[in-house]
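First comes the structure, then the notes that go with it.
The values are calculated or read from the model by the stated rules, or taken from the named source; none is laboratory data. On a predicted model such as this, the values are computed, not experimentally measured, just so you know. Please note: Cβ atoms are built from the backbone with ideal geometry, for glycine as well, and neighbour counts cover all protein chains shown.
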Amino acid sequence: MASVLVTGGAGFIGTHLCNHLHNKGYHVISLDIQQSDDNPWEVVVADVRDYLQIDGIDSIVHLAAQVSVAQSMEDPDYTLSVNVDGTSSVLAAAESSGVKRVLFASSAAVYGDADEMPITEKSPLIPQSPYAVSKIVGEELCRQSPIETCALRFFNVYGPGQSSSGGYSAVIPAFKKAIAAGMPPTVFGDGTQIRDFIHVSDLVRTIEIALSSKVIPEEVNLASGESTSLIDLLKALEKHHPDMANPLFEDERAGDIHTSIADVTLMNEVFSPGEMITLEEGIN
């Protein structure tokens, strides 16, 4: 039975991934700075920036990070500390303990506002926030490691249990929270922003495939390959909430990207994750 360490295992994606891998028969160890013992998998409470002892681990999925673009603009030092120093610490521990493979959670933020759509893995990296910079540095640390690594560039992940505050993809739970409270959903910008949403169950299934794949690329987009504007997202939500309040439009936030659509050719060729959940299915 393969052993997998999931850093950030108590977070939104981490919890889904630990549950999925546990159900598939993996020996799962979740590492996070704060978590409950109420899980069928092993838990370790630690900060990824600390000295880590991780003997007996076959693979690592490194999810632990400060994930808010907005927070990274306000406190870049903390973001770089957690995301860069944390990644360096995880790789050092992996190298000293014989880990075979590290999958690093990167982000579509590394591309910034790309000139061409859809975005391929060879598109220029144009970071627009300290968060994006931290992910680019993390990717480079992975490339310099003697361990086999892959930077998984997550696009807009959404699904059950996602927080409505912070994070690169929190627009869906934020909209749903406002609708449930009878409040207007807040749109930062004019609503024409384009996103590529991938359901968390599709994401973790693809990560599991990447763990056992014979060959992994240095970096790969993980996304649906489908484009959705924020206005279209609101229309999809309105179908199930016809009485929802009209959205409130506010100024764009610093560091936010306008258009982000992934080319998923490489993902499909290397991992073949199969059919993805549609956004309309996923949000309901």
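Is it the case, given these coordinates, that Leu125 is more than 25 Å from Asp232 (Cβ to Cβ), more than 16 Å from the chain's Cα centre (by Cα) and in a loop (DSSP other than H, G, I, E, B)?
Against the criterion (more than 25 Å from Asp232 (Cβ to Cβ), more than 16 Å from the chain's Cα centre (by Cα) and in a loop (DSSP other than H, G, I, E, B)), Leu125 qualifies.
Would you be able to tell me the number of residues in region 166-221 that are assigned to a helix (DSSP H, G or I) and farther than 21 Å from Met267 by Cβ?
Result for region 166-221: 10.
Looking at region 108-127, is at least one residue over 20 Å from Leu222 (Cβ atoms), surrounded by fewer than 19 Cβ atoms within 10 Å (Cβ to Cβ), touching a residue at least 40 places away in the same chain (Cβ under 8 Å) and of a type in the set (S, T, N, Q)?
No, that holds for no residue.
Pairs under 6 Å by beta carbon, first residue under 19 Å from Gln128 (Cβ atoms) in region 244-263, partner surrounded by 13 or more Cβ atoms within 10 Å (Cβ to Cβ) and of a type in the set (Phe, Trp, Tyr), six or more apart or different chains?
Correct list of pairs: Glu250/Phe188; Glu252/Phe188; Arg253/Phe188; Ala262/Phe155.
Results for (1) in a loop (DSSP other than H, G, I, E, B); (2) touching a residue at least 60 places away in the same chain (Cβ under 8 Å), shown as yes or no for each residue.
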residue	(1), (2)
Asp47	yes, no
Leu52	yes, no
Asp55	yes, no
Val61	no, yes
Gln66	yes, yes
Ser72	no, yes
Leu80	no, no
Val84	no, no
Ser88	no, no
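Count, please, the residues in region 221-248 that happen to be surrounded by 13 or more Cβ atoms within 10 Å (Cβ to Cβ), of a type outside the set (Gly, Ala, Ser) and touching a strand residue (DSSP E or B) at 6+ places or on another chain (Cβ under 6 Å).
Final tally of qualifying residues: 5.
Sort out which residues of region 205-264 are among the acidic types (Asp, Glu) and either at pLDDT 95 or above or farther than 21 Å from Glu121 by Cα (or both), and write them in order of number.
Hits for region 205-264 are Glu208, Glu218, Glu219, Glu226, Asp232, Glu238, Asp243, Glu250, Asp251, Glu252, Asp263.
Among (1) buried (at least 20 other Cβ atoms within 10 Å of the Cβ); (2) not in a strand (DSSP E or B), there is one condition Leu152 misses while meeting the rest; what is its number?
(2)
Restricting to region 50-67, name every residue that is buried (at least 18 other Cβ atoms within 10 Å of the Cβ) and more than 23 Å from Thr206 (Cβ to Cβ).
Across region 50-67, the qualifying residues are Leu52, Ile54, Gln66.
Of the residues Ala10, Ala105, Ala114, Ala109, only one is part of a loop (DSSP other than H, G, I, E, B) and closer than 26 Å to Ile126 by Cβ; which?
Unique residue meeting the criteria: Ala114.
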